[in-house]
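First up is the structure itself, then whatever we jot down about it.
The values are calculated or read from the model by the stated rules, or taken from the named source; none is laboratory data. It should be emphasised that the depicted structure is a prediction, and the values quoted were computed from it without experimental measurement. Cβ sites come from the backbone with ideal geometry, for glycine too, and all protein chains shown count toward neighbours.
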Amino acid sequence: MLLTLMFTATAQASGLGPRGLEGLTAARGMSFDHYTFAALWMPGVCHSWHDIGTVCDTTPNDAAVTREFSLHGLWPSIPKELSDRGMKPPTWWKYGCYWYAPDHRIPQSCALPRTALPSTLQQRLDAAMPLTNICLDRHEYTKHIACFGPKEDTFFSDALTVLNRLNASRFTRWISEHRGQTVAKGAIRQAFATSFRQRDAAALELRCDARPGSQRRDVLTQVWITIPTDKLDTFPQPRSFKAGRRGNCADQIVIEDTLH
């Protein structure tokens, strides 16, 4: 049932380093259509999320995570074998790889085994994924990746490469330049389309949450980007985007600039 993923070097580096992101080749029923790359805007997370430990209080307000995106995850879409059997995407989003467990049980993240990464990679991950403090790394690998076959170090190394490419983009620079401001949702979408040379921002899903005591989802917390399975190695080249969902943000969006 597990998919063996073959990683091959690509010569199509996107200008961010001497090595392009390694590609994934799917096989049989575990093939899938696209990835969702999920990146966190930590200032917004800290102003609107709960139960995320002490990271917001202990991280300085001048830390890099206040100026660039942090890693949430890289999620394969529903495997072909499950969609062929009638599973709908929301069920896959809920269970992911846990579907293959006998009871479909979803465990607590910190009850999962620790990730076993080389020390240098672990340090990079801790810096780029602040929510490792609540075991987000364990959750992301076990729920979204383990049933597709790649090892932890390969997955996190590749996910960090995608994050680095996003953070080197004009889009991230635009977001950073508008920290502390309220901007139109359309302006963010236009900045995305312009940065990545897209006709529109159909590949971008903006995710927002509400401040405590408010019902208005206007605080930017995440960007989700849809990437075709066979284009991950070339991200963010123009053809490495695919239309996704529209998101849940209000028309006017707050881009927070501090963690506390």
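Among residues that are at pLDDT below 90 and under 30 Å from SER176 (Cα atoms), SER14 is included. Pairs linking a residue in region 240-260 that is over 14 Å from TRP41 (Cα atoms) to a residue that is of a type in the set (Val, Ile, Thr), with Cβ atoms under 6 Å and 6 or more positions apart or on different chains, are SER240/ILE227; SER240/THR234; LYS242/THR226; GLY244/THR226; GLN252/THR182. Out of curiosity, is ALA210 surrounded by fewer than 18 Cβ atoms within 10 Å (Cβ to Cβ) and either closer than 20 Å to THR172 by Cα or within 16 Å of the chain's Cα centre (by Cα) (or both)? Here the answer is no, as ALA210 does not meet what is asked.
Among helices (runs of 4 or more DSSP H) entirely within region 34-116, having at least 1 residues that are exposed (fewer than 15 other Cβ atoms within 10 Å of the Cβ) and more than 20 Å from the chain's Cα centre (by Cα) singles out 55-58, 80-84. Figure legend. Inter-residue proximity from region 165-188: first residues among the charged types (D, E, K, R), second residues in a loop (DSSP other than H, G, I, E, B) and surrounded by 15 or more Cβ atoms within 10 Å (Cβ to Cβ), beta-carbon distance below 7 Å, spacing 6+ or different chains. Indicated pairs: ARG165/SER14; ARG165/LEU16; ARG165/PHE235; ARG165/PRO236; ARG179/ASP257; LYS185/CYS249. Of the residues making up region 228-245, those that are assigned to a loop (DSSP other than H, G, I, E, B) and surrounded by 21 or more Cβ atoms within 10 Å (Cβ to Cβ) are PHE235, PRO236, PHE241.
If the condition is being hydroxyl-bearing (Ser, Thr, Tyr) and touching a Gly at 6+ places or on another chain (Cβ under 6 Å), then region 219-253 contributes THR221, THR226. Taking the criterion of being closer than 10 Å to VAL254 by Cβ and in contact with a helix residue (DSSP H, G or I) (Cβ under 7 Å, 6 or more places away or on another chain), the residues of region 198-220 that qualify are ARG211, VAL219, LEU220. The criterion of being more than 25 Å from ARG239 (Cα to Cα) and either surrounded by 18 or more Cβ atoms within 10 Å (Cβ to Cβ) or within 20 Å of the chain's Cα centre (by Cα) (or both) holds for LEU125.
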